[in-house]
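Structure record follows, encoded as structure tokens.
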Amino acid sequence: MKKNKQGQLNRYLELAFNQAKELVCIKDSQLRYLTCNWSFADFFGMDSPEKVESLRSEDLMPPLTAEEDVRTDKLAMQNSNTLRAVLTFQEGEDKTRIFSCLKVPLLELDSPIGVFCIMRDITNEEDQMEEYRSREAVNSAIIHNAPVGISVRDSLGNLLSYNKAWQRIWNNSDEDIQADMKRIRTEFNLDTTDSYLSDYQDKLLGVYTSGGEFFVPEVKTDKRRDELEVWVSQHFYAILNPDKSVQRVVVLTVDISDQVYSRKALKTTQQNYKKLSETIPVGVFRSEIRENGLILSMNPAFKRMFGIPEDKGQNMRITDLLANASEETKLIGLLQRKGRIDNREIVLKKADGSTFWASFTMSTLSEAAVSISEGVITDITGRMNAFKQLQATIDGVVLAMSRLVDMKDPYTSGHQKRVSDLACAIGEELGMKTELVDGLRIAGILHDIGKMAVPTEILTKPGAITRSEMLLLREHAEDGYDILKSIDFPWPVAEIVLQHHERIDGSGYPMGIKGPAIRLEAKILAVADVVEAMATMRPYRASLGLHEALQTITAGSGVYFDRQVVEACMRLFMEKGYQLSEEEPYNSFR
């Protein structure tokens, strides 16, 4: 009966040995294989377990793996202790199999007679562990280098871990932190290190004892940095055990000192701004950015400027300020496109209907929830009156100088005026700004001022002039420059006069400069001068006619004359019916 039972047991042991998925083998004291299971034989490419008998590790395994296998076998037998080893097998170029080996020394009368080894494939487990270790390393690096202070405490408030930002915020030395970590609290209680949270004692106690979370948006600590108090926001949240007791409390700390002091500085600035706006002599206001928009606020100077009583001003609108109501659409359009209007000179209207000149500056308040602008108005009536007087003075000087040329050369009387008018018309056709056209007008009126230095007999000579006389006549451009260069015009009048006989191919005079080097105003004067001269009578010849004059500038387009200037001149005469004006009293500003 016992024999049958033993035989059945041996049969079960044999089945377990050979059907196990693990690789199982037995070695003798010389570390030769005695037997193995089918999984072991299959892994090493053997037809049956019997083929493994009498082989050694180096017969089956790569050199380094075999060396580790033998080393750990010997160590297990020497110490008579079970040990674990890890064996690695390379399969192909990029695949590795990893086995965890349990090595059990076989003892007889306390002497080792062999080794029993179970090898379990842990390749996937090792990959998972490596991924876990890598993920843990990444998470640890993120926490350690995070810009937010992170600390972990136990349920009694003892400090367990922290990151660099936490240490930087609290400005604690390594020694201070280690001393804090060695100090063991036996119950949750705020002490000198966190007494700044005393107002939140009960809520914090709830997090440390029952779990949950609690956020402190702004609190002043007991720390100072650069002689200033440190302000922080803190978020406490508990990590629970399976039984719902508190295991850890994570504390996120953010240094908000800069925001606090910036907010205080902003508040102070706003208060100072309010005081300033109430005392400065210029009008300050806020208004809606829309047609017929309301004026939302105005300072005392604004009310005085427009003659608004102190207790009035409600329900006023932008259009109420404008002498020309159509200006509102332009102002609103500019604000919506550019967000700002700088120093726009405009005529405004007072409460009593009288008008005054003002410099108007407005900008959109980007932080506003609705479209609102802030504006500053400066009364420039005095400056505009002075400017008009200056304009009148310039007009008088320019008129006197042009009359001198007419007196010197009466046969071309009115030439400068006609050239000036045509040049301005061309400038406007090209889209030049008004202030540049004003400068062009002055330069046109004075472009022949240098003829004052040319002998009268040459200017009034009825026939053709000689070469030497022509050279003298050509000096009038430089002479004109010398006369005008010391006058501080608001425009480069002297340079325009100097260049008005230059040609874009360099064939002109007095300097022979080419295209880009010639000012646009001089290019315009060159065309206007030629057209006027050919279309009107001269002492030495009759008028050649407008048709001949236009043919001349067209033939020279792109060679002598600027192509765009010629095209603009042609449009004026051929499409818009422009006519050379008769001589009339001079007025430089329209």
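For the reader, a short list of remarks on this structure follows.
- Of all residues making up region 306-316, the number that are under 40 Å from the mean Cα position of the chain (by Cα) and closer than 21 Å to THR378 by Cβ: 1
- Residue list for region 174-191, filter: exposed (fewer than 10 other Cβ atoms within 10 Å of the Cβ) and within 45 Å of the chain's Cα centre (by Cα): ASP174, GLU175
- Residue pairs whose Cβ atoms lie under 7 Å apart, separated by 6 or more positions or on different chains, with the first residue in region 165-190 and outside the structural domain of VAL230 (by TED's automatic domain parsing) and the second at pLDDT 85 or above, do not occur.
- Taken together, SER420, SER363, SER413 contain a single residue that is modelled with pLDDT of 70 or more, of a type in the set (S, T, N, Q) and closer than 27 Å to TYR578 by Cα, which is SER420.
- Restricting attention to region 155-169, the residues that are at negative phi and out of contact with any strand residue (DSSP E or B) (no Cβ under 6 Å at 6 or more places or on another chain) total 5.
- Looking only at residues of region 536-556 that are hydrophobic (A, V, I, L, M, F, W, C) and over 58 Å from the mean Cα position of the chain (by Cα), we find that the one that is modelled with the lowest pLDDT is ALA542.
- Hey, ILE504 modelled with pLDDT of 85 or more and touching a strand residue (DSSP E or B) at 6+ places or on another chain (Cβ under 9 Å) or not: yes
- Selected residue (only one of LYS21, LYS51 is in contact (Cβ under 8 Å) with a residue 12 or more places away in the chain and either within 21 Å of GLU125 (Cβ to Cβ) or not hydrophobic (A, V, I, L, M, F, W, C) (or both)): LYS21
- Within region 52-98, the residues that satisfy the criterion of being outside any loop (DSSP other than H, G, I, E, B) and of a type in the set (Val, Ile, Thr) are VAL52, THR65, VAL70, THR72, VAL86, THR88, THR96, ILE98.
- Test result for ARG224, in the same structural domain as ILE169 (by TED's automatic domain parsing) and free of Cβ contacts under 8 Å to residues at least 40 places away in the same chain: yes
- Residues located in region 87-130, provided they are surrounded by 13 or more Cβ atoms within 10 Å (Cβ to Cβ) and not hydrophobic (A, V, I, L, M, F, W, C): THR88, ARG97, SER100, LYS103, PRO105, PRO112, GLY114, ARG120, ASP121, THR123, GLU126
- Any hit, region 224-236, residues being in contact with a strand residue (DSSP E or B) (Cβ under 7 Å, 6 or more places away or on another chain), in a strand (DSSP E or B) and more than 26 Å from ASP176 (Cβ to Cβ): no
- Residue match in region 465-479 (condition: touching a strand residue (DSSP E or B) at 6+ places or on another chain (Cβ under 9 Å) and either under 28 Å from GLN579 (Cα atoms) or surrounded by fewer than 19 Cβ atoms within 10 Å (Cβ to Cβ) (or both)): no
Quick grid of which residues meet (1) among the hydroxyl-bearing types (Ser, Thr, Tyr); (2) within 20 Å of LEU60 (Cα to Cα); (3) not assigned by TED's automatic domain parsing to the domain that holds ILE26:
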| position | (1), (2), (3) |
| --- | --- |
| ALA76 | no, no, no |
| ASN79 | no, no, no |
| THR82 | yes, no, no |
| LEU102 | no, yes, no |
| SER111 | yes, no, no |
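- The residues on offer are VAL493, VAL497, VAL531, VAL527, and the sole one that is of a type outside the set (S, T, N, Q), in contact with a helix residue (DSSP H, G or I) (Cβ under 6 Å, 6 or more places away or on another chain) and farther than 20 Å from ASP438 by Cβ is VAL531.
- Residues in region 201-220 that are among the hydroxyl-bearing types (Ser, Thr, Tyr) and either touching a Pro at 6+ places or on another chain (Cβ under 8 Å) or free of Cβ contacts under 8 Å to residues at least 40 places away in the same chain (or both): SER210 alone.
- Qualifying residue in region 259-279 (condition: of a type in the set (Ser, Thr, Tyr), modelled with pLDDT of 80 or more and either part of a helix (DSSP H, G or I) or closer than 30 Å to PRO217 by Cβ (or both)): yes
- SER363 passes every criterion in (1) in a loop (DSSP other than H, G, I, E, B); (2) among the polar types (S, T, N, Q); (3) in contact with a Lys or Arg (Cβ under 7 Å, 6 or more places away or on another chain) apart from (1).
- Of the numbered criteria (1) at pLDDT 70 or above; (2) buried (at least 17 other Cβ atoms within 10 Å of the Cβ); (3) more than 42 Å from the chain's Cα centre (by Cα), the one GLY353 fails is (2).
- Any chance LEU348 is of a type in the set (A, V, I, L, M, F, W, C), closer than 18 Å to MET298 by Cβ, in contact (Cβ under 8 Å) with a residue 12 or more places away in the chain and part of a helix (DSSP H, G or I): no
- Unmet requirement for GLY333, which otherwise passes all of (1) without any contact (Cβ under 8 Å) to a residue 24 or more places away in the chain; (2) part of a strand (DSSP E or B): (2)
Conditions (1) under 18 Å from VAL284 (Cβ atoms); (2) in the same structural domain as ARG290 (by TED's automatic domain parsing); (3) exposed (fewer than 14 other Cβ atoms within 10 Å of the Cβ); (4) touching a Lys or Arg at 6+ places or on another chain (Cβ under 7 Å), marked per residue:
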site: MET305; (1), (2), (3), (4): yes, yes, no, no
site: ASP311; (1), (2), (3), (4): no, yes, yes, no
site: ALA325; (1), (2), (3), (4): no, yes, yes, no
site: GLU328; (1), (2), (3), (4): no, yes, no, no
site: LEU331; (1), (2), (3), (4): yes, yes, no, no
site: ILE341; (1), (2), (3), (4): yes, yes, no, no
site: ARG344; (1), (2), (3), (4): yes, yes, no, no
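- Of all residues in region 486-510, those satisfying the criterion of being exposed (fewer than 15 other Cβ atoms within 10 Å of the Cβ) and over 19 Å from ALA423 (Cα atoms) are SER486, ILE487, ASP488, ASP505, GLY506, SER507.
- Helices (runs of 4 or more DSSP H) contained entirely in region 102-212, each with at least 1 residues that are at pLDDT 85 or above: 164-170, 174-182, 201-210
The values are calculated or read from the model by the stated rules, or taken from the named source; none is laboratory data. Just so you know, these numbers come straight off a predicted model, no measurement behind them. When we count neighbours, we look across all protein chains shown, and the Cβ atoms used for this are built from the backbone with ideal geometry, even at glycine.
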